[in-house]
Each structure stands twice: as structure tokens, then as C-alpha cells.
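The values are calculated or read from the model by the stated rules, or taken from the named source; none is laboratory data. Computed from a prediction, not measured in an experiment: that's the story for all the values here. Positions of Cβ are generated from backbone atoms using ideal geometry, with glycine treated the same way; all protein chains shown enter the neighbour counts. For accessibility, only protein heavy atoms count, side chains too; no ligands or nucleic acids. Shrake-Rupley method; radii C 1.70, N 1.55, O 1.52, S 1.80 Å.
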Amino acid sequence: ISYDRRPDGRRGRHVPRRRRAWERVRERPGARLLQGWARTALRVLLRRIDVTGLDRIPVDRPVILAANHTNALADVAVIVAVAPRFPRFLATATWLRWAPVRGLFRLGGVVPVHRRRDGGTVGNEESFAACHAALAAGDHLAIFPEGEMHLGPALLPLRTGAARIALGAALGAGV
């Protein structure tokens, strides 16, 4: 990891020391199980995954990961498998209709988002509050800012949720 300034104020490369066990960030209880599932599924389904820039994602600070959503669960599996920390995902609340999905979402700490087209945005204040609290606790969030999955090669218009979460966390939660 390189920074413009080292902790002692001098310019140059700074390599942070390895964290001791009690200093490491605590992960959700189901994180290792879901990461194992994702890594196994990707090894079976994909020949190779090339990831660049992982060294620029801080492990010890809150992060919002914004990604394209072009391949259903494969996008989620790739993020879970390669991200330096297990992120809390945002997903449409319509998935909660199915009991197995509810259990999986609970295990992964998924934050439900209520879309206008799916019956209204009632409940999104709690979703934003959960995101702000997660960022204040130092968690990583993963969001697909297009707001839906698509199969086309071009980006869909981006929704404002990621920006609203970041600004709200900065103003309200002091992140």
C-alpha cells in the first residue's frame, strides 16, 4: 500500500504493520461460510478471475464498493470471494418473499432496499440508518448503483443511493 505521507510525516512508501489478533476487524459470523461457498462456486464455474486494485481498498476503514450488476449471483460471488473483507450487501426487499433467501440474507447481513416500482419506499429510512450504522462501525458495504441486474453491455442510469449513503454517513454518523 502506498500513501503520499508516512505516519511519521515524511514522504515515501509506508507499509502498515501486520495487525495483531485482537486488533483485527471482526467479521460477521457467517462470513467465512459464505466466502467458502463463493470461492468454491467460482472455482467450479469460472476458469480465471482477474482482479486489479484490491490493494487500494482499505481493510481497517469503512468502504462503499459500487459495482455493475450484469450477472445475477456471479457478481455477488466474485465480490464475496475476492474482497479483502466480507461486505454487507444492499438488495431489493422483494427477495425477502422466499424463506431460504431470508435466511441467506440474515447470515450475510444484507440490508433490504425498498424500490418505488416494487410497492413503495416505506422502510428505506431504516435501510439508510442501517447503512450509516454499518459504515460508522467500520464495515464495508457493497451496492449495485444501477439498481437492478441487466445483461446489456452498457451501464444503466445510476441511482442516487450510493451517494446518499456516503453523504449521510459523513454528515450524520461522522464517517
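Some points to look at:
- Some residue of segment 62-69 being over 14 Å from the mean Cα position of the chain (by Cα) and open to solvent by 20 Å² or more (accessible area, probe 1.4 Å): no
- Any hit, segment 107-115, residues being farther than 25 Å from residue 36 by Cα, open to solvent by 30 Å² or more (accessible area, probe 1.4 Å) and among the β-branched types (Val, Ile, Thr): yes
- Within segment 1-48, being within 21 Å of the chain's Cα centre (by Cα), under 25 Å from residue 108 (Cα atoms) and modelled with pLDDT under 85 holds for 24, 25, 26, 27, 28, 29, 30.
- Any hit, segment 84-99, residues being surrounded by fewer than 15 Cβ atoms within 10 Å (Cβ to Cβ) and among the aromatic types (Phe, Trp, Tyr): yes
- Pairs where the first residue, in segment 64-89, is in contact (Cβ under 8 Å) with a residue 12 or more places away in the chain and the second is open to solvent by 50 Å² or more (accessible area, probe 1.4 Å) and hydrophobic (A, V, I, L, M, F, W, C), C-beta under 6 Å, 6+ apart: 69/149; 72/149; 82/51; 84/59; 85/59
- Members of segment 25-52 that are of a type in the set (Val, Ile, Thr), open to solvent by less than 100 Å² (accessible area, probe 1.4 Å) and outside any helix (DSSP H, G or I): 25, 49, 51
- Contact map, segment 113-142: residues that are β-branched (Val, Ile, Thr) paired with residues that are not in a helix (DSSP H, G or I), Cβ distance under 8 Å, separation 6+ or inter-chain. Pairs shown: 113/90; 113/91; 113/92; 121/114; 121/115; 122/114.
- Unique match (being under 27 Å from residue 167 (Cα atoms) and of a type in the set (A, V, I, L, M, F, W, C)) among 74, 81, 67: 67
- One residue stands out among those in segment 152-172 that are assigned to a helix (DSSP H, G or I) and open to solvent by less than 60 Å² (accessible area, probe 1.4 Å): the one that is nearest to residue 132 (Cα to Cα), which is 169.
- Residue in segment 134-147 that is more than 19 Å from the chain's Cα centre (by Cα), open to solvent by 20 Å² or more (accessible area, probe 1.4 Å) and among the aliphatic types (A, V, I, L, M) present: no
- Considering only residues in segment 116-129 that are open to solvent by less than 30 Å² (accessible area, probe 1.4 Å) and small (Gly, Ala, Ser), the one that is farthest from residue 33 (Cα to Cα) turns out to be 120.
- Subset of segment 148-157 [within 18 Å of the chain's Cα centre (by Cα) and either at pLDDT 75 or above or acidic (Asp, Glu) (or both)]: 148
- So residue 56, is it modelled with pLDDT of 90 or more and open to solvent by 80 Å² or more (accessible area, probe 1.4 Å): yes
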